Amino acid sequence: MALNGSNQDPWGKPKQGSQPDEKPQDNSSQSNWGENKKQQQSPPDIEDVFNNLLKKLGGGNKGSGNGSHRIGKPLNVGKWAPLALLVGAIVWGASGFYTIKEAERGVVLRLGQLHSIVQPGLNWKPSFIDRVIPVNVEFVNTVNTQGSMLTQDENMVKVEMSVQYRVTDPAKYLFSVTNADNSLAQATDSALRYVIGHMTMNDVLTTGRTVVRENTWKTLNEIIKPYDMGLDVLDVNFQSARPPEEVKEAFDDAIKAQEDEQRYIREAEAYAREKEPIARGDAQRIVEAATAYKDRVVLDAQGEVERLARLLPEFRANPDLLKDRLYIETMEKIMANTPKVMMESGGSNNLTVLPLESLLGKKVPAASESEAATSNDAVNINKKADTAVQQNKVESIRQGRFN
């Protein structure tokens, strides 16, 4: 076959005037072959992949299709499905691990319904099925309440109080009431108003603070008991109570006076505790001194009796000599404690001109007591000696009569 011209397209249409025996070429087959080659070289379409997958699973009609839809080579997805499912299961399982702290407890909700309570540590839950709410059961929470309240005597008092509590049952704390903290605050306010309403203003501001605290605690427990909120009230603190501004100064003075009274009472008790041991010691000392004086007097008397009993035989043997001896000893005791004025013997008597009162006036009172005691001892000794002499004479007379 001869070509007409060197620039003629071999795939194009034949020109006019060509030989009748030449047949026109099939351009449609050539174009389809080019498109199939281009589709094999390009990446697979996502839509085709899903359509083929639906056909294999029976979800699509094999004979239906769009005229404009391109028919590509079917992709084998069946061998990748198990791997994809395995990877998804691993990711889903790993996402279910969680940790509960030491001071917390985990409340597990399965499909929105209470299922269980988990302990601290590492736990696992099925994701998208279970939900875990951690609740701290060791932390001490505080609820405060305050407001102006009416007392029994129809006076207004501004009161502030705080309540400390701890969660004991996490499930009841979350689901017994809508909001446990708000419910506890309202119950505290109700209990405090009830207690203040049954007390006078003076008691609330002065001496009744302890009573308000104890009664509020008791009333609060009675109020929250039917709700069973899973709470344990640890303490109730009565922070402050203030009167209205119009009478605040007067009540401050009254409170200060009561504080001064208590302070004076404590000071008096401390003074009494300080002086009482001293008084008891002085009393004990006086008693012991009196006992010692009694014992001393008794022992002195016994010693004097013993001494006179030993002198009695000597007195019987020579009464005059014993009398002189006793007299001399007595005078020694008297003269030793008595001031003396020495005068020469002979000559005129000068005692009338000497200032004896000025010389002896200061010393006489000091020696009067010892002199009086010594003189009394001398008189007693003389009386005893005279008695002993008389008895001796009587005995000698009696002996003479019988002899």
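The values are calculated or read from the model by the stated rules, or taken from the named source; none is laboratory data. Note that the coordinates shown come from a computational prediction; the quantities given were computed from them, not determined experimentally. Don't worry about glycine lacking a Cβ; one is built from the backbone with ideal geometry, like all the others, and counts go over all protein chains shown. With ligands, DNA and RNA removed, areas are computed over all heavy atoms of the protein, side chains included. Shrake-Rupley method; radii C 1.70, N 1.55, O 1.52, S 1.80 Å.
Rounded to the nearest percent, how much of the accessible area of the stretch 93-160 (1.4 Å probe, protein heavy atoms only) is carbon and sulfur? C and S fraction of accessible area: 53 percent.
Between residue 304 and residue 258, the FRET efficiency from the beta-carbon distance, with R0 = 56 Å, is close to 0.25.
For the stretch 252-327, the spread of Cα positions along the three principal axes, ordered from largest to smallest, is 97, 18, 10 Å. Karplus-derived 3J(HN,Hα) values for the stretch 197-202, using 6.51 cos²θ - 1.76 cosθ + 1.60 with θ = phi - 60°, are x, 9, 9, 7, 5, 5 Hz; glycine and proline are entered as x. Close amide H pairs (under 5 Å, H built 1.01 Å from N) link residue 147 with 159, residues at least 5 positions away or on another chain. Couplings 3J(HN,Hα) of the stretch 142-158, computed from phi: 10, 10, 10, 9, 7, x, 8, 10, 8, 8, 5, 8, 6, 10, 9, 9, 8 Hz, in residue order, whole Hz [Karplus 6.51 cos²θ - 1.76 cosθ + 1.60, θ = phi - 60°; x for Gly and Pro]. Ordering 224-233, 321-330 by mean Cβ neighbour count within 10 Å, with the highest value first, yields 224-233, 321-330.
Rounded to whole numbers, the Karplus 3J(HN,Hα) couplings from phi for the stretch 123-131 are 9, 9, 9, x, 4, 6, 10, 9, 10 Hz, using 6.51 cos²θ - 1.76 cosθ + 1.60 with θ = phi - 60°, and x at Gly and Pro. Summarising the amide proton neighbourhood of residue 199: residues at separation of 5 or more, or on other chains, whose placed amide H is nearer than 5 Å comprise 152. Taking amide H as placed 1.01 Å from N in the peptide plane, the amide H of residue 132 sits under 5 Å from that of 109, each at least 5 places away or on another chain. By the scheme Lys and Arg +1, Asp and Glu -1, what is the net charge of all other residues having a beta-carbon under 13 Å from that of residue 216? Combined, the nearby Lys, Arg, Asp and Glu give -1.
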